[in-house]
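Note sheet for the following structure.
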Amino acid sequence: MTIAVCPGSYDPVTAGHLDVIERCAHFFDEVHVVVAVNAAKTPMFSEDTRVDIIRQALKERDCRNIKVSSTTGLITDYCRRVGATVIVKGLRQNGDYEAELGMALVNRKLAGVETLFLPAAPNLEHISSSIVKDVARHGGDITGMVPDCVIPLLGEALRNEKRA
(Lines give C-alpha, C1' and ligand atoms only; values in the text may rest on other atoms or scores of the structure.)
Protein backbone atom coordinates (compact mmCIF):
# COMPACT_ATOMS: atom_id res chain seq x y z
CA MET A 1 0.00 0.00 0.00
CA THR A 2 1.35 3.44 -0.95
CA ILE A 3 0.80 6.14 1.66
CA ALA A 4 1.22 9.85 0.95
CA VAL A 5 1.28 12.77 3.36
CA CYS A 6 -0.12 16.24 2.59
CA PRO A 7 1.29 18.48 5.32
CA GLY A 8 0.44 22.11 5.95
CA SER A 9 -0.63 24.60 8.58
CA TYR A 10 -4.15 24.74 7.10
CA ASP A 11 -5.03 27.91 9.02
CA PRO A 12 -7.67 27.71 7.63
CA VAL A 13 -7.93 25.01 4.97
CA THR A 14 -8.81 26.54 1.60
CA ALA A 15 -10.48 25.37 -1.58
CA GLY A 16 -6.99 25.13 -3.09
CA HIS A 17 -5.82 22.81 -0.30
CA LEU A 18 -8.86 20.60 -0.75
CA ASP A 19 -8.32 20.44 -4.50
CA VAL A 20 -4.75 19.20 -4.05
CA ILE A 21 -5.81 16.73 -1.34
CA GLU A 22 -8.61 15.27 -3.47
CA ARG A 23 -6.39 14.99 -6.54
CA CYS A 24 -3.71 13.32 -4.43
CA ALA A 25 -6.25 10.77 -3.20
CA HIS A 26 -6.66 9.49 -6.77
CA PHE A 27 -2.98 8.49 -6.96
CA PHE A 28 -2.37 6.84 -3.58
CA ASP A 29 -3.98 4.09 -1.54
CA GLU A 30 -4.02 6.24 1.58
CA VAL A 31 -3.47 9.96 2.10
CA HIS A 32 -2.71 11.53 5.46
CA VAL A 33 -3.58 15.22 5.68
CA VAL A 34 -1.36 16.43 8.50
CA VAL A 35 -1.77 19.71 10.33
CA ALA A 36 1.85 20.58 10.99
CA VAL A 37 2.15 22.60 14.17
CA ASN A 38 4.84 25.26 13.82
CA ALA A 39 5.95 26.75 17.16
CA ALA A 40 7.21 29.85 15.32
CA LYS A 41 3.70 30.71 14.09
CA THR A 42 0.63 31.88 15.98
CA PRO A 43 -2.32 30.29 14.21
CA MET A 44 -5.83 31.72 14.21
CA PHE A 45 -7.33 28.27 14.84
CA SER A 46 -6.18 25.69 17.35
CA GLU A 47 -4.59 22.46 16.17
CA ASP A 48 -7.72 20.47 17.08
CA THR A 49 -10.02 22.95 15.34
CA ARG A 50 -7.98 22.79 12.13
CA VAL A 51 -8.11 18.99 12.18
CA ASP A 52 -11.88 19.06 12.79
CA ILE A 53 -12.48 21.59 9.98
CA ILE A 54 -10.55 19.46 7.49
CA ARG A 55 -12.41 16.32 8.54
CA GLN A 56 -15.75 18.09 8.15
CA ALA A 57 -14.83 19.51 4.74
CA LEU A 58 -13.64 16.10 3.48
CA LYS A 59 -16.69 14.33 4.89
CA GLU A 60 -18.87 16.56 2.72
CA ARG A 61 -16.81 15.41 -0.29
CA ASP A 62 -16.97 11.68 0.54
CA CYS A 63 -13.22 11.09 0.55
CA ARG A 64 -12.75 7.60 1.96
CA ASN A 65 -8.99 7.00 1.67
CA ILE A 66 -7.98 10.15 3.53
CA LYS A 67 -7.00 10.38 7.20
CA VAL A 68 -6.56 13.67 9.04
CA SER A 69 -4.20 14.16 11.95
CA SER A 70 -1.59 16.55 13.31
CA THR A 71 2.01 16.53 14.41
CA THR A 72 4.30 18.81 16.38
CA GLY A 73 7.48 17.15 15.20
CA LEU A 74 9.27 16.77 11.91
CA ILE A 75 7.04 15.69 9.07
CA THR A 76 9.64 13.06 8.18
CA ASP A 77 9.18 11.48 11.61
CA TYR A 78 5.44 11.36 10.95
CA CYS A 79 6.10 9.75 7.55
CA ARG A 80 8.26 7.06 9.13
CA ARG A 81 5.65 6.40 11.82
CA VAL A 82 2.85 5.77 9.30
CA GLY A 83 4.96 4.22 6.54
CA ALA A 84 4.51 7.07 4.05
CA THR A 85 6.96 7.20 1.16
CA VAL A 86 5.90 10.47 -0.42
CA ILE A 87 4.97 14.00 0.61
CA VAL A 88 2.60 15.87 -1.70
CA LYS A 89 2.66 19.67 -1.87
CA GLY A 90 0.52 21.98 -3.97
CA LEU A 91 2.31 24.75 -5.83
CA ARG A 92 1.01 28.14 -6.85
CA GLN A 93 2.74 30.60 -9.19
CA ASN A 94 3.90 32.84 -6.36
CA GLY A 95 7.30 31.34 -5.59
CA ASP A 96 6.07 28.23 -3.78
CA TYR A 97 8.53 26.07 -5.72
CA GLU A 98 11.60 27.86 -4.40
CA ALA A 99 10.34 27.65 -0.83
CA GLU A 100 9.28 24.00 -1.09
CA LEU A 101 12.32 22.69 -2.97
CA GLY A 102 14.69 23.17 -0.05
CA MET A 103 12.31 21.39 2.30
CA ALA A 104 11.88 18.55 -0.21
CA LEU A 105 15.64 18.03 -0.40
CA VAL A 106 15.98 18.03 3.40
CA ASN A 107 13.09 15.57 3.75
CA ARG A 108 14.75 13.23 1.26
CA LYS A 109 18.04 13.46 3.17
CA LEU A 110 16.40 12.90 6.58
CA ALA A 111 14.11 10.02 5.72
CA GLY A 112 14.40 9.08 2.05
CA VAL A 113 10.90 10.48 1.51
CA GLU A 114 10.27 11.92 -1.94
CA THR A 115 8.17 15.03 -2.55
CA LEU A 116 5.64 15.28 -5.35
CA PHE A 117 4.59 18.77 -6.43
CA LEU A 118 1.07 19.21 -7.81
CA PRO A 119 0.34 22.50 -9.54
CA ALA A 120 -2.63 24.38 -8.18
CA ALA A 121 -5.77 24.47 -10.28
CA PRO A 122 -5.69 27.71 -12.31
CA ASN A 123 -8.96 28.94 -10.79
CA LEU A 124 -7.59 28.42 -7.25
CA GLU A 125 -3.89 29.32 -7.49
CA HIS A 126 -4.43 32.84 -6.12
CA ILE A 127 -5.98 31.57 -2.87
CA SER A 128 -3.95 31.24 0.30
CA SER A 129 -4.91 31.02 3.97
CA SER A 130 -3.32 34.44 4.54
CA ILE A 131 -5.34 36.06 1.76
CA VAL A 132 -8.55 34.43 2.99
CA LYS A 133 -7.99 35.80 6.51
CA ASP A 134 -7.12 39.25 5.18
CA VAL A 135 -10.19 39.42 2.92
CA ALA A 136 -12.45 38.25 5.76
CA ARG A 137 -10.81 40.64 8.23
CA HIS A 138 -11.78 43.53 5.95
CA GLY A 139 -15.35 42.34 5.41
CA GLY A 140 -14.88 40.73 2.00
CA ASP A 141 -16.75 37.69 0.76
CA ILE A 142 -14.69 34.49 1.04
CA THR A 143 -17.38 32.22 -0.38
CA GLY A 144 -15.74 29.68 -2.68
CA MET A 145 -12.26 30.33 -1.28
CA VAL A 146 -12.83 28.05 1.70
CA PRO A 147 -15.23 25.22 2.50
CA ASP A 148 -18.58 26.54 3.74
CA CYS A 149 -17.92 25.21 7.24
CA VAL A 150 -14.97 27.63 7.60
CA ILE A 151 -16.94 30.83 7.01
CA PRO A 152 -18.81 31.06 10.36
CA LEU A 153 -15.75 29.83 12.29
CA LEU A 154 -13.54 32.45 10.68
CA GLY A 155 -16.12 35.15 11.42
CA GLU A 156 -16.17 34.12 15.07
CA ALA A 157 -12.37 34.00 15.29
CA LEU A 158 -12.12 37.49 13.82
CA ARG A 159 -14.69 38.84 16.28
CA ASN A 160 -12.68 37.31 19.12
CA GLU A 161 -9.50 38.81 17.65
CA LYS A 162 -11.06 42.31 17.75
CA ARG A 163 -12.07 41.83 21.41
CA ALA A 164 -8.56 40.83 22.44
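Observations, loosely collected:
- Charge context of Arg23, other residues only, Cβ under 14 angstrom, K/R +1, D/E -1: -1
- Evaluated at q = 0.17, 0.20 Å⁻¹: base-10 log I(q)/I(0), Debye formula over Cα of the range 20-76: -0.59, -0.78
- Charge dipole of the chain (Cα centre as origin; +1 on each Lys and Arg Cβ, -1 on each Asp and Glu Cβ, all else neutral): 320 debye, rounded to the nearest 20.
- Surface accessible to a 1.4 Å probe, per residue, for the residues of the chain, Å²: 55
- For the range 3-162, the convex hull spanned by the alpha carbon atoms encloses 109 Å³ per residue.
- Most to least accessible of Thr2, Thr143, Thr71 (protein chains only, probe 1.4 Å): Thr143, Thr2, Thr71
- Sorting Leu158, Leu74, Leu116 on solvent-accessible area from highest to lowest, probe radius 1.4 Å, gives Leu74, Leu116, Leu158.
- Extension gain for Lys67 to Glu22 (0.36 nm times residue separation, less C-alpha to C-alpha distance): 15.0 nm.
- Distance from the C-alpha centroid of the range 96-143 to that of the range 19-35: 15 Å, rounded to the whole angstrom.
- With every protein chain in place, the chain: carbon and sulfur % of accessible area (1.4 Å): 52
- The modelled label-to-label distance between His126 and Leu105, using points 7 Å beyond Cα along the C-beta direction, is 3.3 nm.
- Across the range 15-23, coupling constants 3J(HN,Hα) worked out from phi with the 6.51/-1.76/1.60 Karplus curve, θ = phi - 60°, read 4, x, 4, 4, 4, 5, 4, 5, 5 Hz, and Gly and Pro carry x.
- Beyond 20 Å, the tail of the calculated P(r) for the range 96-164 holds 50 percent of the Cα pairs.
- A 1.4 Å probe, protein heavy atoms only, puts the accessible area of Ser70 near 40 Å².
The values are calculated or read from the model by the stated rules, or taken from the named source; none is laboratory data. Quick caveat, the model's predicted, so the values are computed rather than measured. Positions of Cβ are backbone-derived with ideal geometry, glycine not excepted, and every protein chain shown enters the neighbour counts. Heads up: the accessible areas ignore ligands, DNA and RNA and are worked out on the full protein's heavy atoms, side chains in. Shrake-Rupley method; radii C 1.70, N 1.55, O 1.52, S 1.80 Å.
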